[in-house]
Structures are given as structure tokens and as C-alpha cells.
There are 2 protein chains.
Amino acid sequence: MATAELMTIPARRGKAVRVPKGRLVKMINTHGTQVVDTWAFNADDLAEFMSMEHTRPHIGRTVPRVGDVMYTNKRRPILTFVEDSSPGIHDTIIAACDRYRYKFLGVEGHHDNCTDNLFAGMAELGLTPPEVPSPLNMWMNIPVEPDHSLSFQPTVSKPGDHVLLRAEMDVVMAFSACPQDILPINGVACKPVEAHFQVL
Amino acid sequence: MATAELMTIPARRGKAVRVPKGRLVKMINTHGTQVVDTWAFNADDLAEFMSMEHTRPHIGRTVPRVGDVMYTNKRRPILTFVEDSSPGIHDTIIAACDRYRYKFLGVEGHHDNCTDNLFAGMAELGLTPPEVPSPLNMWMNIPVEPDHSLSFQPTVSKPGDHVLLRAEMDVVMAFSACPQDILPINGVACKPVEAHFQVL
């Protein structure tokens with residue numbers, strides 16, 4: 001398994017990969033500060049996909065942890081969290097950023113965004129997602145207080161931290177190295193960088 | 001406004017209604033114990049709809065309260081929370097129940113569910129939603145603990161409690177009086193009942 005190709009999710013860009021059932025995906029936060037928006041689609045039916053709102057009631061948590069199974073919008077297992085070397089802070093409640101988000105944040109003209117990256121990554125495989133599911137935002141740190149308020153905080157992961165996910169069906173996974181450089185979710189330097197993954 | 005027709009969301013069923021921009025919708029928890037899954041679609045483009053994952057970052061909360069604006073998946077205002085006579089406990093993190101949910105909960109054969117109710121309610125208006133957005137679950141009580149765990153609890157609203165929502169664009173709203181009768185979200189008696197609304 002040590003010889004598996006190390007794939008790059010370029011800074012501010014998307015990447016997708018086919019993962020057969022039973023195989024493992026190792027996602028690596030190379031610099032420790034990078035949020036990676038993560039999607040998984042049933043390879044045989046892209047209208048079935050990993051769903052945050054369907055997963056939360058089944059795992060009984062808003063943040064998945066090792067041992068948890070992620071569910072599709074048809075409530076079938078699609079990924080299992082096998083390992084996590086980071087402190088386990090990930091997010092399931094925030095939408096992928098998009099052109100509208102950056103306009104809201106005062107950006108004029110184009111800004112890279114995770115929604116476009118999902119489509120671009122899938123397009124490299126000749127695929128088009130039928131909709132934009134709410135992503136599993138790996139390493140994203142969105143604390144929610146008892147009064148239901150939330151805030152956008154830097155990652156708490158270390159350089160080289162990884163999570164290991166097992167595919168529970170044949171899937172297409174898509175990743176976006178989040179290009180957010182206005183809010184400090186990708187570290188206080190607000191500098192989006194690349195991340196990596198391997199299919200083992 | 002007192003003469004506006006009182007519309008019924010029958011127990012375990014769905015209902016949809018067109019609401020012009022600027023009009024108010026008064027949702028009434030007639031018996032106090034009923035969760036009402038609530039959707040809103042842009043009447044001119046059903047692919048644009050109220051989105052929980054897009055609203056949360058903009059209101060900075062997981063539960064909307066009076067004064068908050070709900071956003072679409074294009075980050076445009078679609079509904080504003082104008083009044084809430086209940087304690088303000090609503091849910092944005094749990095998917096609509098569906099046939100798969102009840103199979104998971106051990107039900108054999110058909111069980112009414114909010115996802116089918118969305119389609120049935122919209123169908124009465126000759127409409128088909130292009131996807132099933134995560135709903136605003138009015139009065140649903142899903143406490144989330146500091147360790148990210150969640151639980152399914154009975155409503156804390158009183159009979160006759162209402163929320164008042166203002167349409168910020170021409171919308172089609174859909175409601176489902178949630179037929180959940182296995183978990184106690186619709187009161188400890190697990191007895192789904194009807195609710196009501198008025199377009200003012």
C-alpha cells in the first residue's frame with residue numbers, strides 16, 4: 001500500500017477519483033491548515049450521494065468520528081471513517097462556497113470556489129453531478145455554541161494529519177482544496193494550499 | 001388579515017401553497033406537539049430553494065430566530081422570520097424522513113413520510129421539485145451537545161404557537177405534518193396530528 005500513487009488536490013482547485021467498493025482513501029492535510037470539501041457519489045447512480053443531513057441522524061452526531069458510517073440520501077452506507085490522526089474536528093453544517101458566497105464577502109469578479117471545483121473535478125472524469133450536495137468539510141473548524149451560534153475558526157490539524165475512509169460501494173469521490181482566503185478557515189494566514197490523497 | 005383562510009396541513013400529509021413576494025405566512029402549531037417540515041422554492045425557478053446549509057453561515061446560527069433571513073442555494077433572501085410565539089426551538093440539521101428512514105427504524109411496508117409529502121403537496125399545484133432540499137423543521141427539538149452528539153426530543157411549543165414568515169420573493173412553500181410515530185419528536189404520545197397555516 002505504501003506504493004500507492006500520491007495524488008494532489010492543487011491549491012484552490014478540485015479533483016475527483018473513482019474508488020471501488022472496499023478500497024481505502026487516505027486524505028492528507030499536507031500543510032495542516034487546509035480545509036478539503038469532500039463529496040462521494042454512487043458510481044452507478046450519481047443521484048445517490050453522501051448526504052450530511054441523512055448521516056447526522058444515523059450517527060447521532062454533527063461531526064463524524066472513527067467508526068462512524070456516512071450515509072447516502074437513500075440511507076445506505078457509502079463511506080466509513082476508519083482512521084483520523086487529527087483532533088477530529090470536521091464540519092457537516094456549512095455549504096460549499098460558491099460564486100455567490102464571495103460576492104457576499106465583497107469580492108468583485110471571479111473567485112475560485114468549491115462548488116465550481118466539484119464540477120471541474122468531476123468533469124475530468126467525464127461526469128456531471130446532478131446537484132451540489134452539502135459537503136463533508138474535512139478539517140473545517142466551525143464551533144457551535146449552546147445558544148446555537150457558530151463561528152469560522154482556523155483548522156486545529158497538524159501538517160501531515162490524515163483521515164482514512166473505506167468505500168462501502170463503488171464511488172466517485174470529489175475533493176476541493178477550499179480557496180477561502182477572506183475568512184481564516186484555512187489558517188490565520190488565509191493562504192489556501194494544496195492537499196493530497198491516495199487510493200489504497 | 002383576520003379573515004385569511006385557515007388552511008389545514010392534514011396529519012401525516014403534505015400541502016403546498018403559492019406565496020407572492022411581500023406576503024406573510026402564519027404557521028400554526030395547532031396542538032403544540034407537531035413538527036412541520038417546511039420548504040420554500042423560487043416560484044420562477046424551482047432549482048433555487050431555501051437551503052439550510054447556505055442559511056447557517058449567513059445567519060451565524062444553526063437555529064433561525066426572529067429577524068433572521070433564510071437564504072437560497074444562490075444566497076438570496078427567500079424568507080424572513082418575523083414573529084415566533086414559541087420558545088424558538090426549530091431544527092435545520094436533520095433530513096426529511098423518507099421510506100428508507102422507516103425501513104431503518106424497523107417498519108415493514110409503507111409508512112407515510114415527509115419526502116413523499118413534499119412531492120404530493122407540490123403535485124397538487126402541478127409542480128415537481130427538482131430535488132429534496134434539507135427542510136426547515138419547524139418546532140423540531142434536536143439538542144446538540146458540546147461533544148457534537150444529538151438527540152430526538154419532543155417539541156417544547158404550546159398549542160396555538162405560531163411563526164410568521166415573510167416571502168422575500170414569489171415562492172412556493174411546501175409543508176409536511178411529519179408522520180414520525182416511532183421517535184417522540186411529535187410529542188411523547190408519538191401521535192402525529194394536523195397543523196394549520198394562513199397566507200396573510
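The values are calculated or read from the model by the stated rules, or taken from the named source; none is laboratory data. Keep in mind that what you see is a predicted model, and the values were worked out from it rather than measured. No Cβ is skipped: glycine too gets one built from the backbone with ideal geometry, and neighbour counts run over all protein chains shown. To get the accessible areas, we keep the full protein, side chains included, count just its heavy atoms, and leave off ligands, DNA and RNA. Shrake-Rupley method; radii C 1.70, N 1.55, O 1.52, S 1.80 Å.
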**Study point:** Overall form of region A:124-166 per C-alpha gyration tensor (a/c, 1.5; a/b vs b/c)
**Key:** oblate
Study note, to complete from the structure: Mean separation of Cα contacts under 8 Å (at least 6 apart) over the residue count of chain A, i.e. the relative contact order in percent, is 44
Review point. Under a plain spin-label model, where a point goes 7 Å from the Cα along Cα-to-Cβ, how far apart in nm are A:LEU125 and B:THR8?
Key: 4.9
Practice item. Shortest first and in nm with one decimal, please list how far the B:LYS191 label point sits from its counterparts in the other copies (point 7 Å along Cα→Cβ). Key: 6.4
Review point. In percent, how large is the relative contact order of region B:17-135, given Cα pairs closer than 8 Å and 6 or more residues apart?
Key: 23
Study note, to complete from the structure: The pairs in A:LYS26/B:LYS103; A:LYS74/B:LYS15; B:LYS103/B:LYS158 lying past 28 Å Cα-Cα in this model are A:LYS26/B:LYS103; B:LYS103/B:LYS158
Check your understanding: How big is the Cα convex hull of the protein assembly as shown in projection, averaged over all directions, in nm²?
Key -> 18.9
Check your understanding: How many partner chain Cβ atoms sit within 10 Å of a residue's Cβ in peptide A:71-83, on average, as a whole number?
Key -> 2
Check your understanding: Relative to the Cα centre, what is the charge dipole magnitude of region A:1-149, using +1 at the beta carbon of each Lys and Arg, -1 at the beta carbon of each Asp and Glu, and rounding to the nearest 20 debye?
Key -> 300
Review point. Roughly how crowded by other chains is peptide B:53-59, in terms of the mean Cβ count from those chains within 10 Å of each of its Cβ atoms?
Key: 6
**Study point:** 10 Å Cβ neighbours from other chains, averaged over peptide B:143-154
**Key:** 4
Revision key, fill the gap. Cα extents of region B:30-76 per principal axis, largest first, Å, are 34, 25, 17
Check your understanding: With every protein chain kept in the model, how would you rank B:LYS15, B:LYS103, A:LYS158, A:LYS74 by accessible area, 1.4 Å probe, largest at the top?
Key -> B:LYS103, A:LYS158, A:LYS74, B:LYS15
Review point. Just the C-alpha atoms of region A:1-41: what Rg/Rh do they give, with Rh taken as the Kirkwood radius?
Key: 0.94
Exercise for review: Could you order A:ILE78, A:ILE89 so the one with the most accessible surface comes first? Probe is 1.4 Å.
Suggested key: A:ILE89, A:ILE78
Check your understanding: Helix-derived [θ] at 222 nm for chain B: sum -39500 (n - 2.57) over DSSP H runs of at least 4, divide by residue count, nearest 500?
Key -> -3000 deg cm²/dmol
Revision key, fill the gap. Total charge of the residues flanking A:LYS103 in space, meaning their Cβ is under 13 Å from its Cβ, with Lys and Arg +1 and Asp and Glu -1, is +3
Check your understanding: To the nearest 100 Å², how much accessible surface do chains A and B cover up together, summed over both, with a 1.4 Å probe?
Key -> 2900
Check your understanding: Zone of B:ASP170 (label point 7 Å along Cα→Cβ, backbone N under 17 Å): which residues in region B:1-31?
Key -> B:17-24
Point to revise | Two-decimal ratio, chain B, of alpha-carbon radius of gyration to 2.2 N^0.38 Å | key: 0.94
Exercise for review: Anything losing 50 Å² or more of accessible area from the isolated chain to the full protein assembly: pick those residues out of region B:89-112, probe 1.4 Å, ligands and DNA/RNA ignored.
Suggested key: B:ILE93, B:ALA95, B:TYR100, B:ARG101, B:PHE104
Revision key, fill the gap. Inter-copy distances for B:LYS103, nm, shortest first, label points 7 Å along Cα→Cβ, are 4.0
Practice item. Find the chain B residue whose Cβ sits closest to the rotation axis that carries B onto A, and give that distance in whole Å. Key: B:GLU131, 3
Check your understanding: Rounded, prolate or oblate: which fits region A:93-188, taking a ≥ b ≥ c as square roots of the Cα gyration tensor eigenvalues, rounded meaning a/c under 1.5, else prolate when a/b beats b/c?
Key -> oblate
**Study point:** Directionally averaged projected area (convex hull, Cα atoms, region A:1-72), nm²
**Key:** 6.3
Review point. Rounded to a whole number, what % of the accessible area of chain B do carbon and sulfur atoms account for, probe 1.4 Å?
Key: 53
Review point. Taking the label point 7 Å from Cα in the Cβ direction, how far apart in nm is A:LEU6 from each other copy of itself, listed shortest first?
Key: 6.9
Point to revise | Cα-centred dipole magnitude for region B:70-200, charges only on beta-carbon of K, R (+1) and D, E (-1), debye, nearest 20 | key: 180
Practice item. Set Lys and Arg Cβ to +1 and Asp and Glu Cβ to -1, take the dipole of the protein assembly as shown about its Cα centre, and tell me which of A:PHE49, A:VAL107, B:PRO146 lies farthest positive. Key: B:PRO146
